Structure formats: C-alpha cells, structure tokens
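Only one structure is covered here, and it is reproduced in the block below.
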Amino acid sequence: MAGHRSLVSASILDADLSNLSRDSRKALRGGADRIHLDVMDGHFVPNISFGPAIIKRLRKIGKQPFDAHLMISEPGRYMDQFIDAGCDSITFHVEVEEPIEPILLKIRKAGRLAGLAIKPATPLTALDPYRDLLDIVMVMTVEPGFGGQKFITDAAAKIEPAHQVFRDRIGERPSQREVHVDGGVNRDSAEVCGRQGADILVVGSVLWKKGTDLQREIKLIKSLADKGYRTRGHSKSASKKTTAGEAQ
Ligand code: DX5
Ligand code: ZN
C-alpha cells in the first residue's frame, strides 16, 4: 500500500484477545503500518486489558513498529518492563499524578520514542514543560478506556496545533516527531484527521467487526485521510481547486 501519506497503527484492543498474534499479522498484511497496544490498569481508566508480558510474546510476530499506549496510573513503576517487552514507542498520559520528565528521559535513554497522550478535555499547554523530550503527541478523540466510541470532533481540533509542540526541534528525523490521533478513527472521521495533519491514525474496533475486509477498510481510511491532507489549510470551496499534486 505504498504511496499513502497517512500511516495506520492498528489497535488490537478489540481484536480476538485469544489470537493476538494472528490478528496482528492480519492487520499488518492488510496494510496497517504498525501495531498500537492499549494497556489499561482498571485505575487510570475503568477497564483492564493486557500488560508487558503479552506484548513481549507478541513481539515475536516481526519487526514492525509496536506503539504502546499506556492508560495506567503509574507508568514509571512499570516502564522497565515495557522497554524490555520491545516496544518501539511508549506513550503515557500527561494527566498521571507522578513526575513525568524522568519517565520520558528513561524511555529516550533506552532508545525508544517517548510520547505523551492527552485526553479530550486536556489542553495542549499541558505538554509545554515536556516539549523538548517528546517524540510523539497522541491526541485522544475519545475518553480513553474503551474501543468503539464516537469520534469527538472538538478534540480533533488539537491535532494541527499539536505539531507546534515540536517547533524549534531541528536536526531530528521527522519520524521522531509524530502526532497520533486515537479514538473513533474510521471512514467517517479519517478525512478530518488528514485535514488536521495527523501523522499516524490509530484504528481499532472497525478493523475487527465481523465481516470487515481489513485490507479494503485500511485502504479506504488511508485514502480518505490523504484526501484530507491535500485540502489542508484550504476552505471547503477553495479545496475544490486543489489538485492532488498540490498536497501540503
Ligand atoms: C481507547 C484506546 C484506543 C482504541 C481505539 O482508549 O486508546 O486505542 O482501542 O479503538 P477505536 O478505533 O474503536 O476507537
Ligand atoms: Zn490507544
């Protein structure tokens, strides 16, 4: 599926939890660029999913990037385990009540990408103190905790300005500065995500619905996001004049 500007990280939260290796491979074969791993502790969010031991076992499926999204109250306490599990990026929430900077430093020291996620109601300014330590900003477009929720359009408005968090960060590969959008991303919301300039679209429940043609769904979501990228910065009427070649 070369040629797409947009990248999809497949969330396996709503996949068959007894067959995660099979379903992760299926998502990658279907065109997903990486795997998004939702870790929940039943405390930071009212749901429990899986932890580092499962991720470590899953790591055996191949070399594709693994993005961990930690919805847990004490990310610092478990960070060594997530590093050891082989996560390529580790994102936790800025809303946690423990010192954030040392955790980001630890992730980066281990050679992994460090990210902070923000809930829909949290302003981007909450990230200001950590700007220089961030590789990823994950904009949540649902309340974290469950797959299958409705996309919150107001929260998506933070995607475009989220890129500003990385301003003045010269001399780094763009791949180390990513804005992810997570929650309710599907064929109805993908274009908005693209228009906002999201680098990575996290796509979950729609991939695992009975009868979904994974490859077709991922291709459609990427195409719609690409369409959004092409119209970036243009009003609706102006966008009609924009040709595919004028993207960005
Ligand atoms: C929600 C998770 C999401 C979720 C995405 O707390 O962080 O990654 O699995 O699933 P959908 O696409 O169904 O919102
Ligand atoms: Zn997630």
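Taking the options LEU105, LEU28, LEU17, name whichever one is within 15 Å of ligand 1 (Cβ to nearest atom) and touching a residue at least 12 places away in the same chain (Cβ under 8 Å). Sole residue among the options that is within 15 Å of ligand 1 (Cβ to nearest atom) and touching a residue at least 12 places away in the same chain (Cβ under 8 Å): LEU17.
Against the definition (more than 15 Å from the chain's Cα centre (by Cα), at pLDDT 95 or above and within 12 Å of ligand 2 (Cβ to nearest atom)), how does GLN149 come out, yes or no? Spelling it out, GLN149 is indeed more than 15 Å from the chain's Cα centre (by Cα), at pLDDT 95 or above and within 12 Å of ligand 2 (Cβ to nearest atom). Select, from ASP154, ASP168, ASP182, ASP132, the only residue that is more than 10 Å from ligand 1 (Cβ to nearest atom), acidic (Asp, Glu) and modelled with pLDDT of 95 or more. ASP154 is the lone residue from the list that is more than 10 Å from ligand 1 (Cβ to nearest atom), acidic (Asp, Glu) and modelled with pLDDT of 95 or more.
From the list LYS240, LYS210, LYS236, pick out the single residue that is over 14 Å from the mean Cα position of the chain (by Cα) and modelled with pLDDT of 95 or more. Of the residues listed, the single one that is over 14 Å from the mean Cα position of the chain (by Cα) and modelled with pLDDT of 95 or more is LYS210. Only one entry in SER49, SER11, SER18 is among the polar types (S, T, N, Q) and closer than 18 Å to GLU217 by Cα, namely SER11.
Residues in the range 76-89 that are surrounded by 21 or more Cβ atoms within 10 Å (Cβ to Cβ) and either more than 20 Å from ILE136 (Cα to Cα) or within 14 Å of ligand 1 (Cβ to nearest atom) (or both): SER89 only. Please work out if ASP38 is more than 15 Å from ligand 2 (Cβ to nearest atom) and within 13 Å of the chain's Cα centre (by Cα). No: the conditions fail for ASP38.
Condition first: in a loop (DSSP other than H, G, I, E, B) and exposed (fewer than 15 other Cβ atoms within 10 Å of the Cβ). Can you find one or more residues in the range 23-36 that meet it? Checked the range 23-36: no residue is in a loop (DSSP other than H, G, I, E, B) and exposed (fewer than 15 other Cβ atoms within 10 Å of the Cβ).
The values are calculated or read from the model by the stated rules, or taken from the named source; none is laboratory data. Remember, predicted model here, so these are calculated numbers, not experimental data. Heads up, the Cβs are rebuilt from the backbone with ideal geometry, glycines too, and the neighbour counts pull from every protein chain shown.
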